[in-house]
Amino acid sequence: MDEHRVEYDADGTRLVGHAYVPADAAGPRPAVLVFPEWWGVTDFPRRRARELAAEGYVALAADMYGEGAVTDDVEEAGRRSADTRLGAVSRARSRAALQTLLALPQVDADRVAAIGFCFGGDVALELARDGAQLRGVVAFHASLTTGQPAAPDQLRASVLVLHGAEDPLTPPQQVAAFQDEMRASRADWQLVAYGNAVHSFTNPEADTAGIDGVAHDAVAARRAWQAHLAFLAEVLAPPAD
């Protein structure tokens with residue numbers, strides 16, 4: 001597997017991502033953008049991108065803060081994500097990441113998806129709402145809120161949301177509002193809720209943050225990852241002969 005840093009720009013901000021290319025990527029391959037939690041491009045999203053490369057996808061762990069910034073401070077993460085989460089900044093930086101991924105010579109530009117975790121799930125959904133040419137989007141334990149709901153027929157991507165059923169940070173009313181948005185937009189969407197799981201349930205280090213309602217759930221994490229792999233295999237399948 002080839003791993004390398006990639007630098008790109010969005011409205012004057014230098015962004016530093018990490019690309020992962022399967023060792024046997026002789027021809028154009030399907031590709032996946034990976035958007036991180038609010039901590040930045042830490043080992044967790046990079047590990048997920050590496051796992052996707054092991055599955056045969058070209059993957060890019062995208063930087064949303066600039067200069068590859070990371071933090072383990074809750075207040076700083078909250079400030080950074082609030083400044084970046086929605087609207088023009090999110091869409092510009094995620095678009096720049098998408099264009100960077102598409103520019104890699106191993107990528108099949110017609111078979112690209114985006115996934116994201118928590119904050120990154122919101123980013124991935126915003127990119128889809130912006131009408132990006134994606135086959136699919138997966139949001140793991142995202143907040144699901146937006147200031148710019150998708151217009152009818154605007155979502156080109158199929159949407160999969162993997163949600164902790166007991167997540168206090170994404171309460172039922174937010175889930176219901178998201179479902180209403182998806183119905184109104186006539187999107188191809190699905191939402192899977194995992195019993196007993198709360199926010200950030202896929203991250204093995206979630207408990208160390210000391211945030212109420214944030215915890216790892218190994219069973220839900222395994223099931224969600226497998227569900228997302230099945231979804232990617234479907235939406236990124238090569239055209240039928």
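Keeping all protein chains in place, calculate the accessible area per residue for the chain (probe 1.4 angstrom), answer in Å².
Numbers: 10120 Å² over 241 residues.
I get 42 Å² per residue for this part.
Report in % the part of the accessible area of the chain that belongs to carbon and sulfur, leaving out ligands and nucleic acids; probe 1.4 Å. Display every interim value, and only then the final one.
Numbers: 4830 of 10120 Å².
The computed percentage sits at 48.
Work out the charge dipole of the chain with +1 on the Cβ of Lys and Arg and -1 on the Cβ of Asp and Glu about the Cα centre, then indicate which of PHE35, GLN99, GLY121 is farthest towards its positive end.
Of the options given, the answer is GLN99.
Report, in debye and to the nearest 20, how large the dipole of segment 1-79 comes out about its Cα centre when Lys and Arg carry +1 and Asp and Glu carry -1 on their Cβ.
Numbers: 8 positive and 16 negative charges, 61 e Å.
Dipole about the Cα centre, nearest 20: 300 debye.
Sequence gap at least 6, Cα distance under 8 Å: using those rules, report the relative contact order of segment 87-157 to the nearest whole percent. Mind showing how you got there, number by number?
Working: 109 pairs, mean separation 22.8, N = 71.
Normalised by residue count, the contact order of segment 87-157 is 32 percent.
So, in nm, how far is label THR71 from label ALA54 when the simple model puts each one 7 Å beyond its Cα toward the Cβ?
3.1 nm
With θ set to phi - 60°, apply the Karplus curve 6.51 cos²θ - 1.76 cosθ + 1.60 along segment 153-166 and write out the HN-Hα couplings as whole Hz, x wherever there is a Gly or Pro.
6, 7, 7, 7, 7, 6, 10, 10, 10, 10, 10, x, 4, 9
Quick check for me: using +1 on Lys/Arg Cβ and -1 on Asp/Glu Cβ, what's the dipole size of segment 51-145 about its Cα centre, in debye to the nearest 20? Before the final figure, lay out the partial values.
Working: 9 positive and 14 negative charges, 86 e Å.
Dipole size: approximately 420 debye.
Which whole-number percent is the relative contact order of the chain (Cα, under 8 Å, 6+ apart)?
Values: 535 pairs, mean separation 36.9, N = 241.
About 15 percent, as a whole number.
Please name whichever of ALA53, THR202, VAL16 sits farthest to the positive end of the charge dipole of the chain, dipole taken about the Cα centre and charges placed at Cβ: Lys and Arg +1, Asp and Glu -1.
Selected residue: ALA53.
In whole Å, what is the distance between the alpha-carbon centres of segment 97-112 and segment 1-36?
8 Å
The values are calculated or read from the model by the stated rules, or taken from the named source; none is laboratory data. It should be emphasised that the depicted structure is a prediction, and the values quoted were computed from it without experimental measurement. Positions of Cβ are backbone-derived with ideal geometry, glycine not excepted, and every protein chain shown enters the neighbour counts. Note: accessible area is taken over every heavy atom of the protein model, side chains too, but ligands, DNA and RNA are not part of it. Shrake-Rupley method; radii C 1.70, N 1.55, O 1.52, S 1.80 Å.
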